Amino acid sequence: ADFDGDEMNLHFPQTEEAKAEAAELMNITNNLVTPRNGEPLVAATQDFLTGAYLLTQKDVFLTKSEFCRLVSYLSDANEHIDVPPPAIWRPRKLWTGKQVMSILVRPNSTVDSRVNVESEERFYTDNKHFCAMDGFVAFRNGELISGNLGKKTLGGDSKSGLFYVLIRDYGPREATRCMSRLAKLTARYLGDKGFSIGIDDVTPSPSMIAVKERILKEGQKLADDQIQAYKTGSIKLKPGCDALQSLESEVNGLLGKIRENCGKEALVTLNHRNAALRMAQCGSKGSALNISQMVACLG
């Protein structure tokens with residue numbers, strides 16, 4: 001809703017048949033996948049993806065009180081939780097964010113969702129479980145053993161994600177429970193931790209400014225060469241185009257390359273904790289192109 005005249009119209013079912021039909025058709029559990037191709041229709045987006053991404057990073061370690069507080073978010077403290085052994089014993093007992101996600105899938109021994117999932121997030125490089133960016137997600141018997149969760153694992157439009165496998169192997173009701181736990185956990189975790197984007201996140205570094213100026217000068221020289229070729233009549237014509245159209249096509253191509261090259265340099269120079277970069281990596285909002293436009297083209 002954006003409050004520009006949006007409205008909702010409700011029609012109350014009058015008969016028992018209509019009530020039963022509405023209850024069946026409007027039940028979210030019955031509408032988790034699209035009839036078009038069977039892919040999940042309901043999945044994590046935006047803040048839920050960002051929260052899951054931040055929580056499952058390699059450097060997230062929790063004390064017992066912090067761990068228990070997070071897992072209590074899963075079901076409003078109304079569900080029994082089997083607390084696993086800590087990941088680190090000495091010099092202090094610590095649990096990881098990945099263990100919280102394992103509890104999310106299988107809170108206790110009575111839950112039989114021993115799901116097995118493998119997926120490659122958009123920031124995956126190579127080496128599977130030993131990916132330097134932790135982009136290879138692997139669940140084994142319901143336990144998250146590697147990977148930083150993002151859109152490929154928790155989002156829709158894919159049959160390799162967590163929720164599709166839950167729906168396929170354990171039914172829509174168990175998948176719905178897991179989705180509910182994820183929404184409660186990630187929203188509350190993100191609210192406690194805090195996450196914002198500011199001017200610093202889109203301000204280019206001095207080295208980035210120098211690289212951008214070099215790329216622009218090189219692009220300007222190539223564009224001047226094309227313009228000169230057009231004036232002398234020696235420009236190479238593209239199929240189905242006259243000289244002016246060929247010039248326009250060449251210049252547009254050069255501008256696109258400049259933007260692409262500046263964007264690549266911007267991504268390399270950004271700190272790994274940059275808010276815009278994090279959102280693009282986990283798939284919650286934006287892309288590498290958006291970052292390049294904000295940092296390299298506008299910043």
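Laboratory data are not the source of any read-out in this text; all were calculated from the coordinates shown. This structure is a prediction, so every number in the text was calculated from the model and none was measured. Cβ coordinates were reconstructed from backbone atoms using ideal geometry, including for glycine residues, and neighbour counts include every protein chain displayed.
A few comments on the model shown:
- Backbone HN-Hα couplings from phi across region 145-158 [Karplus 6.51/-1.76/1.60, Hz, Gly and Pro as x]: 9, 7, x, 9, 5, x, 5, 4, 8, 9, x, x, 6, 7
- Given Lys264/Lys285; Lys128/Lys193; Lys152/Lys285; Lys128/Lys212; Lys64/Lys193; Lys19/Lys184, the pairs whose alpha carbons are separated by over 22 Å: Lys128/Lys193; Lys128/Lys212; Lys19/Lys184
- Over the chain: helical MRE at 222 nm, DSSP H runs n ≥ 4 each giving -39500 (n - 2.57), nearest 500: -15000 deg cm²/dmol
- Cα-based reach from Lys231 at 25 Å (exclusive), listing lysines while leaving out same-chain residues under 8 positions away: Lys217, Lys221, Lys257
- Relative contact order of the chain: 18 percent, from C-alpha pairs under 8 Å at least 6 residues apart in sequence.
- Ranked for footprinting exposure by Cβ neighbours inside 10 Å, fewest first, Ile291, Ile215 give Ile215, Ile291.
- Region 16-168: relative contact order as a whole-number percent, Cα under 8 Å and 6+ apart: 24 percent
- Amide N proximity, region 209-232 versus Asp242 label position 7 Å along Cα-to-Cβ, cut-off under 17 Å: 230-232
- Over the chain, the Kirkwood radius and the radius of gyration, each from Cα atoms, give a ratio Rg/Rh of 1.10.
- Among the DSSP helices (H) of the chain, those spanning at least 27 angstrom by Cα along their long axis with an average Kyte-Doolittle hydropathy of -0.5 or more are 243-269; this is a geometric and hydropathy rule only.
- Sorted by Cβ density within 10 Å, fewest first, the residues Glu24, Glu174: Glu24, Glu174
- Prolate/oblate/rounded label for region 149-262 (Cα gyration tensor, a/c 1.5): oblate
- DSSP finds beta bridges in the chain, and of those with both partners inside it, around 100 percent are antiparallel.
- Exposure proxy order (Cβ contacts within 10 Å, fewest to most) of Ser119, Ser72: Ser72, Ser119
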